[in-house]
Amino acid sequence: MTYQYRIFESTATLPTNWNDVAAQSLFLQTTYLRVLENSAPTNIHCQFIGVYQADALMATAMLQHLDLGKLAGFGNRDHGLLTIARNFLFKRYASKLAIIGNNMLTGQHAISFRLEANQAEVIAGLKDFVDALHPAPHLTILKDFEPIDATMFDQVAFQKSLKFSSQPNMFIELRSEWKNEADYLNALTKKYRDQYKRARKKASGIEKRQLSLAEIEQLENEIYILYRHVADHAPFNTFFLAKNHFYSLKKELGADFRFFAYFENGELIGFNTLIHHDEILETYFLGYDDKIQKEKMLYLNMLYDMIGCSIHNGFKRINFGRTAMEIKSSIGAKPEQLFGWMQHKNHWINKNLGFFFNLLEPEAQWTVRNPFKELD
């Protein structure tokens, strides 16, 4: 088979059957792509790739160009000389990234195929197509594929690529017998029921409500301050959201995007966001005042609220994303390893890419918790 690859710079120019082919992921469909058009981070340029066989659209893909040179730093995970070394290496040798996938999300939102497509051939041609772009990126990355997809990459096009895995995605499969939050609570062991009760007691007096589009716009500055407070203290960061990002999401996704705000004495102290993705609830970005978060156990309460929302609305799974694995594990989330493939344009660096990756992205150390009673 021979495939042709075409770049689209705007959703207005996408073919009429784009969403039919992109049905595998909401995050490849035009409603979400318009969000990126209107509110992508300033250091991310998004392009959409159509894969054709003759005149037939066979696959759709997301391509994100990241310019890490536009960031002052990449998080506060490291200190001293390691921070200086990491910032230098990233900016000098890995500042221009071409990512087939979505750097703002966890999961396989890189490509969606028609059933008739030869997936391995499509993805090999896609990598070659991106590698040939000018100017050439330092790194070409395909991200967040499940283990079942690994066979697609067992071919010549990826022989020089590094297979890698960073922090796992944390998820919960919601049990069919959970009809409300009380059923979830009853499934926990006493230790973790006590944790739940302690967290709920700490949050006494906090008002939680879902915001409308108009309210998100009205509170945009306060929302962004809370988001940046969390983002600026994250262990690792390659972008910052635009201030209008949540407004744009609500405008495009409507009821499929939920914005939950937390208030104390009428003041916004935190928020979390959720996206409906078929039978999956995707957790998105959040923000909070760190002092109040610790005092009120706000983050843990948000996690419990996400579980309650999922059960109430009949979702079968919650994707919690990466980071904070241990606390997510304490509420029942399990790790799911995802894989990516990367290749550097410099032959010597590429040959030693595994060493540099392990140096700059060390394995996170955390303790797996099991909060549930044993099933009969």
Any residue on another chain or 5+ positions along whose placed amide H is under 5 Å from the amide H of I269 is listed here as Y262, F263, E264
Give me the angle, in degrees from 0 to 90, between the Cα long axis of helix 30-39 and the longest principal axis of the Cα atoms of the chain, rounded to the nearest 10. 90
Mind checking which lysines have their Cα closer than 29 Å to the Cα of K127? Skip sequence neighbours fewer than 8 apart in that chain. K70, K91, K96, K143, K160, K163, K345, K351
Ignoring ligands, DNA and RNA, what accessible area per residue does the stretch 228-354 give at 1.4 Å, in Å²? 40
Whole-Hz Karplus ³J(HN,Hα) for the stretch 162-176, in order, using 6.51 cos²θ - 1.76 cosθ + 1.60 and θ = phi - 60°, x for Gly and Pro? 8, 7, 9, 8, 9, 4, x, 6, 9, 9, 10, 8, 7, 6, 5
Can you tell me the length gained on complete extension of the stretch A182 to Q24, counting 0.36 nm per residue apart and subtracting the Cα distance? 53.6 nm
Overall form of the stretch 181-260 per C-alpha gyration tensor (a/c, 1.5; a/b vs b/c): prolate
Taking a ≥ b ≥ c as the square roots of the eigenvalues of the Cα gyration tensor, with a/c under 1.5 meaning rounded and otherwise prolate when a/b exceeds b/c and oblate if not, the stretch 1-70 is prolate
Taking placed amide H atoms and a strict 5 Å upper bound, the residues 5 or more places from N17 or on another chain that come that close are none
Counting only the heavy atoms of the protein chains, how much of W348 is accessible to a 1.4 Å probe, in Å² to the nearest 10? 150
The simple spin-label model distance between F372 and H45, using points 7 Å out along Cα→Cβ, in nm, is 4.6
Calculate one ³J(HN,Hα) per residue across the stretch 327-342 by plugging θ = phi - 60° into the Karplus curve 6.51 cos²θ - 1.76 cosθ + 1.60, and present them in order as whole Hz with x for glycine and proline. 5, 5, 4, 5, 9, x, 6, 10, x, 10, 7, 10, 10, x, 10, 9
Simple spin-label estimate for K70 and A255 in nanometres, 7 Å along Cα-Cβ: 3.6
How would you classify the stretch 272-376 from its alpha-carbon gyration tensor, with a ≥ b ≥ c the square roots of the eigenvalues: rounded for a/c under 1.5, else prolate if a/b is greater than b/c, otherwise oblate? prolate
Using modelled amide H (1.01 Å from N, peptide plane; none on Pro or chain starts), what sits under 5 Å from the amide H of T189, excluding residues fewer than 5 places away? F372, K373
Give me the percent of accessible area attributable to carbon and sulfur for the chain, probe 1.4 angstrom. 52
Applying 1/(1 + (r/R0)^6) with R0 = 56 Å to the Cβ-Cβ distance of T2 and K202, what FRET efficiency is obtained, to the nearest 0.05? 0.35
Karplus (6.51, -1.76, 1.60) ³J(HN,Hα), θ = phi - 60°, over the stretch 244-259, in Hz, Gly and Pro reported as x: 8, 4, 5, 4, 5, 4, 5, 4, 7, 8, x, 5, 7, 10, 10, 10
Taking the chain and counting helices only, DSSP H stretches of n ≥ 4 at -39,500 (n - 2.57) each over all residues, the nearest-500 ellipticity at 222 nm comes to -9500 deg cm²/dmol
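The values are calculated or read from the model by the stated rules, or taken from the named source; none is laboratory data. All values derive from a computational prediction rather than experimental measurement. Don't worry about glycine lacking a Cβ; one is built from the backbone with ideal geometry, like all the others, and counts go over all protein chains shown. Surface areas here come from the heavy atoms of the whole protein model, side chains and all, with no ligands, DNA or RNA. Shrake-Rupley method; radii C 1.70, N 1.55, O 1.52, S 1.80 Å.
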